[in-house]
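Okay, structure first, notes after.
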Amino acid sequence: MTDGTEPQGRGAKGPEELRRQIEQTRSELGDTMEELAGKVDVKGRAMARAADLRDRAGAMTVQLRSTAAQAGHKVQERATEAGHKVQDRAARTGHKVHDRATEAGHKVHDTAMRAGHRAQERATGTGHTVHDKATRAGHDLEHRVEHGVPQPARPLVMAAVRHPRPALAIGAAVALAVVVAWRYPRR
């Protein structure tokens, strides 16, 4: 094939020129064959088209992800801002409630302290009265024991009067034994 630059009918001027023309014709023929093969190669063109579509889809995916990320950041910023506002309001309300509760707590504490002091004064007075009565009763009991209990049992009764806790513990143990024996008799 000729490219139309040389007039037809003219031959090569020498063997070198002929070789050059053959080489040029071969090169043009190779390019033409490649073009024809590319047009005829449906599978290759389809693969190239698929690769192009993949590249476009990848670019679109990146763009969509970027857009979604931007929207996500905006939503996150708005949510954070709203959260801070709610947190500030809650903190202010919490401080107000805390202040009121503290004030009420102080009032209750003061009232309880006054009531406690009055109760302590009454209990102290009652305690003194009970102590005096118990002391008198103890003296009366000692006097009766000394004069009303027979001689062999008198030291034992006097020890129980002077040290009532061990006597009460022994009495409780004896009472428990009697109740258990009465409640669960042997068969």
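The values are calculated or read from the model by the stated rules, or taken from the named source; none is laboratory data. Just so it is clear, the structure is predicted and the values come from calculations on it, not from any experiment. When we count neighbours, we look across all protein chains shown, and the Cβ atoms used for this are built from the backbone with ideal geometry, even at glycine. Please note that ligands, DNA and RNA were not included when accessible areas were found on the heavy atoms of the full protein model with its side chains. Shrake-Rupley method; radii C 1.70, N 1.55, O 1.52, S 1.80 Å.
For this structure, a couple of remarks:
Table: residues versus (1) under 59 Å from the mean Cα position of the chain (by Cα); (2) at pLDDT 90 or above.
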position	(1), (2)
72	yes, yes
87	yes, yes
91	yes, yes
113	yes, no
128	yes, no
132	no, no
138	no, no
148	no, no
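- Residue list for segment 147-158, restricted to those being over 20 Å from residue 168 (Cα atoms), in a helix (DSSP H, G or I) and open to solvent by 80 Å² or more (accessible area, probe 1.4 Å): 147, 151, 152
- Residue tally, condition open to solvent by less than 70 Å² (accessible area, probe 1.4 Å) and not hydroxyl-bearing (Ser, Thr, Tyr), over segment 113-146: 11
- Residue 165 modelled with pLDDT of 85 or more, surrounded by fewer than 10 Cβ atoms within 10 Å (Cβ to Cβ) and in a helix (DSSP H, G or I): yes
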